[in-house]
Amino acid sequence: MAACLYQADLSCGCGRAVTPDGGSRALSSCDPADASSEPDGGGADAGARDSGAASDAGAASDAGARDAGPPADAGVDAGPTDGGACPVPTFLAAVNYATGASPSAVVAHDMNGDGRLDLVVANNNAGSVSILWGRGDGTFQAHVDYLVGAGAVSLAVGDFNADGIPDVLSGGTGQAVSLLLGAGDGGFQPVRSFGVVVGYPSALVVGDFNRDGALDFAFSAELGTATVVALGNGNGTFGPLVSFPTGASVAAVGTADLNQDGILDLISADVATQSAFVLLGLGDGGFQAATRWVIGGTPSAISTGDFNGDGRPDVAVAISTAHGVNALEVDILFGLSDGGLQSAGAVAVDQVPYAVAVGDVNGDGKLDLAVASYFQGAVDVLLGEGDGGFQTQVQFPTGATSTGVALGDFNGDGKPDLAVTNSGSSTVSVLLNACP
């Protein structure tokens, strides 16, 4: 499997990483021996609690943390088709690797161009991004950290200056989006920051919203009233931030071509109004006025994919609280031909679902869900039925307070594995797919 599910594709230079719609690190060379390490304890921690899809523009977002979005190439990943599908999801026990303090999001991406997926992690309390280099056998080297600013909670990866080297975007509670441009030697150029006037970027997505060939980005402004877009200039700089009203405290954002007109649209979820909003793209970087759909509670993450096999993108929204209590559900919204949404009910998960990623976990050609469970310290896997329904969740222990999730083939066997960030134990758990 080439990339990780949701926001991202593969591309690199010696030093970075992401997932399906995009990460990096400094090494003296591309030799894995430069930063080898052993996992911190192997096996699962006992803990609890910002995917992905690939973009043809070379971008990726955090499938964990807050947004897990779809491919930015106006298509929908329906997953591989394989007659030898597993009837139940099967993963080896989690192996836990140290990160920076309180990781909140993870993206899987080949950051150094060696054909192996690496992990990019946003660390909330540390205000940093960690890079863990993949060895290609399902194990990872010790994390190398880069300061990006206060409260790093969201991630996206992409080539923002068109030099063929992956770059990293991070959003933080310090009301800024930070950019790490890849230096080509495995490191990064000095961090650049873009101030945010209202709210903070709780989730990031990347795509070419104005169809000029340069990557743009959008973020949900939590504690703010808008979904915010910045158009890329193709040289690592961006135009002014433009806000599109979508509620009163926007917690999550995703991207897909909902009405299949060849133009990327945005889906955001608002805490205050407990609603999902659709912004249909105009193709010039602008968007139509938002249309609102009521959801089942307070949203924490969004991901997209064709869950019912009709060729149109659908939406999964993780619900963290409902009616004042911890929630146990992911809401499913089917996409309509006009770009609208239709409620398809909710699927039960463990409390509290904090991040969701989409991919074909068991190789049956139907999209499945992987959900980070905040209080359970686990990841729930729900196999898709192909008609928009999902089987009962199967829980796999991870570490304390699980906050983000990403899918990717970490050991080169063609099957998607899991990476889950654990804020309470400051680790990322790697669970290898054991489907025969």
Self-check item: Solvent-accessible area of Phe375 with every protein chain in place, 1.4 Å probe, in Å² to the nearest 10
Solution: 110 Å²
Quiz item: Given H placed on each backbone N at 1.01 Å, which residues far from Ser425 in sequence or on other chains put an amide H within less than 5 Å of it?
Solution: Ala400
Quiz item: From the square roots a ≥ b ≥ c of the eigenvalues of the alpha-carbon gyration tensor of region 317-436, which class results: rounded (a/c under 1.5), prolate (a/b over b/c), or oblate?
Solution: oblate
Exercise. Provide the per-residue ³J(HN,Hα) series for region 212-224, in order, calculated from phi with Karplus coefficients 6.51, -1.76, 1.60 and θ = phi - 60°, each as a whole number of Hz, with x at glycine and proline positions.
Key: 9, x, 9, 6, 10, 9, 9, 9, 8, 9, 5, 6, x
Quiz prompt | Estimated vicinal HN-Hα couplings, Hz - region 342-350 in sequence order (Karplus 6.51, -1.76, 1.60; Gly, Pro = x) | solution = 9, 4, 10, x, 10, 10, 7, 9, 7
Quiz item: Among 314-324, 418-428, 105-115, how do they line up from the highest to the lowest mean number of other beta-carbon atoms within 10 Å?
Solution: 105-115, 418-428, 314-324
Quiz item: Tally Lys/Arg at +1 and Asp/Glu at -1 over every other residue whose Cβ is under 9 Å from the Cβ of Gly309; what's the total?
Solution: -2
Quiz item: Using a simple charge model, +1 on the beta-carbon of Lys and Arg, -1 on the beta-carbon of Asp and Glu, nothing else, what dipole does region 259-395 show about its Cα centre, in debye to the nearest 20?
Solution: 340 debye
Self-check item: Ordering of 239-251, 282-294, 221-233 by burial proxy (mean other Cβ atoms within 10 Å per residue, highest first)
Solution: 221-233, 239-251, 282-294
Quiz item: Using modelled backbone amide H atoms (1.01 Å from N, in-plane), which distant-in-sequence or interchain residues come within less than 5 Å of Thr90's amide H?
Solution: Ala434, Cys435
Quiz item: In whole Hz, what ³J(HN,Hα) sequence does region 258-272 give by Karplus (6.51, -1.76, 1.60; θ = phi - 60°), x for Gly and Pro?
Solution: 5, 9, 6, 9, x, 10, 5, 10, 10, 10, 10, 10, 10, 6, 5
Self-check item: For region 260-300: accessible area per residue (Å², 1.4 Å)
Solution: 34 Å²
Quiz item: Taking the highest mean first, how do the peptides 338-345, 306-313, 353-360 order by number of other beta carbon atoms within 10 angstrom per residue?
Solution: 353-360, 306-313, 338-345
Exercise. Could you let me know the centre-to-centre spacing of region 268-315 and region 156-209, using Cα atoms, in angstrom?
Key: 23 Å
Self-check item: Heavy-atom accessible surface of region 106-241: percent carbon and sulfur, 1.4 Å
Solution: 51 percent
Practice problem: Count the net charge of all other residues whose Cβ sits under 9 Å from the Cβ of Asn259, scoring Lys and Arg as +1 and Asp and Glu as -1. | Solution: -3
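The values are calculated or read from the model by the stated rules, or taken from the named source; none is laboratory data. Fair warning: this is a prediction, and the values are worked out from it, not measured in the lab. A quick note on method: Cβ atoms are made from the backbone with ideal geometry, for glycine too, and the neighbour counts reach across all protein chains shown. Remember, those area values only see protein heavy atoms, side chains included, never the ligands or the DNA or RNA. Shrake-Rupley method; radii C 1.70, N 1.55, O 1.52, S 1.80 Å.
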